[in-house]
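The structure appears right after this line, and notes come after that.
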Amino acid sequence: MKLFVTDLDGTLLASDHTLSPYSLASLNSAMENGLPVCIATGRSYSDILEIIKDFKIRPYIISSNGASIYDNNGKKIYSISIPKDQVKDIIQYLQGQNLEYEVADDDYTYITKESLAILHKELEDVGALDSAKKKELEQDILGLVLSQGNLKVVEDMETLLNSIDSGNSVSSISAYLNKIHKAMEYFTMDKRIRTFSSWKYNFEMTSSKTSKGIALTHLCEILQIDLQDVAAIGDNYNDLSMIKVAGIKGAMGNGVEHIKAMADYLAPTNDEDGAVKFLQHLTEKE
């Protein structure tokens with residue numbers, strides 16, 4: 001193994017979207033012993049920096065599901081984004097479907113006040129029928145949105161569009177799976193974008209020219225590392241492309257079945273430090 005790659009949410013991070021001291025210490029130890037580590041996530045770059053602030057050595061970073069790559073000195077070495085006019089088309093459709101949306105670039109993840117209001121209204125409606133489900137969704141949905149350290153709430157769509165040059169990714173979250181599935185079907189027809197889900201209550205879009213797998217392949221070319229010497233672990237559909245290209249494939253115990261079926265190693269869950277236990281399993285074999 002010459003490179004270890006891990007997703008964040010549902011993988012390296014626990015269910016409360018935090019990094020455990022055990023996982024932090026394990027990754028610090030691996031990097032101090034000369035193993036390069038790469039974080040590959042749907043989160044935007046500046047949000048990732050807050051999560052990894054206690055790392056002793058900076059890892060490589062693939063952010064926004066492959067839209068950007070940063071080396072271990074913090075230099076951007078790759079970027080493919082969605083043009084602003086296309087971002088506008090996407091969010092106008094989502095608005096028409098009464099769906100929340102977020103647009104990320106390297107600096108911020110933007111959300112409008114209207115989008116936050118939609119999420120709160122959905123949770124209130126769900127809670128009126130099922131209080132237990134509301135509590136679960138508050139952690140899964142609002143918890144994930146509000147855990148983004150670079151979240152920037154803006155007044156409206158016009159303000160959002162005036163704040164960006166392009167979008168690394170556009171995502172949408174809903175408590176109603178039928179709304180998510182309908183919108184995903186609509187955008188799957190647009191060959192300019194890549195549409196996928198990172199967990200059951202959301203879907204995300206990037207340029208069709210990139211993915212975690214494409215970005216990882218590009219990073220390995222730069223580092224002159226054979227993909228067969230790369231170990232990658234994730235939990236959901238946005239991780240498929242990178243696990244497919246990695247020679248050593250890991251899946252989280254809490255992952256979707258499609259990921260588990262591909263894996264050489266099934267790790268414990270994200271609340272059991274499964275990602276670093278996969279890493280430890282590999283280093284013990286060497």
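Computed values, structure above
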quantity: Mean separation of Cα contacts under 8 Å, 6 or more apart, over the residue count of the stretch 82-207: relative contact order %; calculated: 32 percent
quantity: Normalised alpha carbon radius of gyration of the stretch 82-207 [divisor 2.2 N^0.38 Å]; calculated: 1.01
quantity: Candidates per trypsin sites (Lys or Arg not before Pro) in the stretch 137-213, loop by DSSP, up to 11 other Cβ within 10 Å; calculated: Lys191
quantity: Sorted by Cβ density within 10 Å, fewest first, the residues His218, His258; calculated: His258, His218
quantity: Qualifying aspartates and glutamates (Cα of each under 12 Å from Cα of Lys121; at least 8 residues distant if same chain); calculated: Glu100, Glu138
quantity: Candidate lysines for bridging to Lys76, where Cα separation is under 24 Å - those fewer than 8 sequence places away on the same chain excluded; calculated: Lys2, Lys53, Lys56, Lys84, Lys152, Lys209, Lys212
quantity: Along each principal axis, Cα extent of the chain, largest first, Å; calculated: 53, 41, 34
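Read-outs: derived from the displayed coordinates by stated rules, not from any lab. The structure displayed is predicted, hence computed values, not measured ones. Cβ sites come from the backbone with ideal geometry, for glycine too, and all protein chains shown count toward neighbours.
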